[in-house]
1. If you take every residue apart from Asn189 with its C-beta less than 12 Å away from the C-beta of Asn189, what net charge results, scoring Lys and Arg +1 and Asp and Glu -1?
2. Just by accessible area at a 1.4 angstrom probe, what is the order of Leu39, Leu90, Leu190 from largest to smallest?
3. To the nearest whole percent, what portion of all C-alpha pairs in the range 1-77 is separated by more than 21 angstrom?
4. Under 24 Å Cα to Cα from Lys48, which lysines show up? Leave out anything in the same chain fewer than 8 places away.
5. Would you calculate the separation in nanometres between label points at Gln193 and Glu41, each defined as 7 Å from the Cα along the Cα-to-beta-carbon direction?
6. Which whole-angstrom value gives the distance between the alpha carbon centres of the range 71-141 and the range 18-39?
7. Just to compare against my own numbers: the Cα pair-distance distribution for the range 77-167, 5 Å bins, whole % per bin, please.
8. For the chain, compute Rh as the Kirkwood radius over C-alpha pairs and then the Stokes-Einstein diffusion coefficient at 37 °C and 0.692 mPa s; write the answer in µm²/s, rounded to an integer.
Amino acid sequence: MERSCITSYIIIGNMSDIRYLHNSLLKLSQRKKTSLKHLAEMFYPEIKNYDIAGYFYDLQKNNSREIRFSVKTGAMPHPEIWFHICRKYLTAKIYYFAQEPNSGNYRTNDCAGHYFPQRYIVEDAGGNVNAVVAQQHLYEQVAGIIPVSEPYTTLEAFAKAIKAKLAGNRIFDILVVDNRGKCISHDKNLICQWL
């Protein structure tokens with residue numbers, strides 16, 4: 001994969017659903033069959049010729065009601081197969097955070113921000129990347145790398161004040177999307193429109 005997308009997933013549910021799902025994923029992992037094609041063959045055989053390249057890795061069961069793992073795919077996230085799998089379990093719900101490194105494309109379906117609360121990415125000129133939760137934290141993070149003198153009450157005023165001072169530093173929005181991938185972020189919370 002030339003360009004890649006790394007997506008972090010969390011699946012929550014009742015103890016029995018999570019146990020069965022985790023055991024199934026663990027079996028695939030132990031057999032080294034972690035490609036999305038193997039996943040589709042096992043969980044959704046009625047999908048013929050599933051051809052999305054990618055694989056899952058770093059499978060963890062942190063508690064009896066939660067599984068965490070990551071997926072590497074081509075240039076965009078493909079959570080559809082995971083939504084299909086979760087529909088097979090009555091209580092399973094899936095949340096994800098997808099990032100395409102060096103592209104500025106970040107998204108999550110965790111609109112409440114319970115598992116993935118970050119809403120902004122700050123990348124300094126040295127390549128260090130930090131995820132930021134709220135606007136106030138964004139102001140503080142940027143003030144650590146760019147001289148900012150006055151307090152700002154709106155994201156628009158802040159963006160317009162720092163736009164000329166970025167000099168190799170970059171700020172990105174993390175878009176909140178629904179399960180179909182449609183953006184549901186409020187415009188007033190997006191900084192990129194003013195940068």
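The values are calculated or read from the model by the stated rules, or taken from the named source; none is laboratory data. For clarity, every value in this text was computed on a predicted model and none was experimentally measured. Ideal geometry is used to build each Cβ from the backbone, glycine not excepted, and the neighbour counts take in all protein chains shown. Ligands, DNA and RNA are excluded from the accessible area calculation, which covers all protein heavy atoms including side chains. Shrake-Rupley method; radii C 1.70, N 1.55, O 1.52, S 1.80 Å.
1. Once positives and negatives cancel, what remains is -1.
2. Largest to smallest exposure gives the sequence Leu90, Leu190, Leu39.
3. The proportion of pairs with Cα distances above 21 Å equals 29 percent.
4. The qualifying lysines are Lys27, Lys32, Lys33, Lys37, Lys72, Lys88.
5. Simple spin-label model gives 4.7 nm for this pair.
6. 23 Å
7. Here the calculated profile for the range 77-167 is 2, 11, 19, 18, 17, 11, 8, 6, 5, 2, 0.
8. 179 µm²/s
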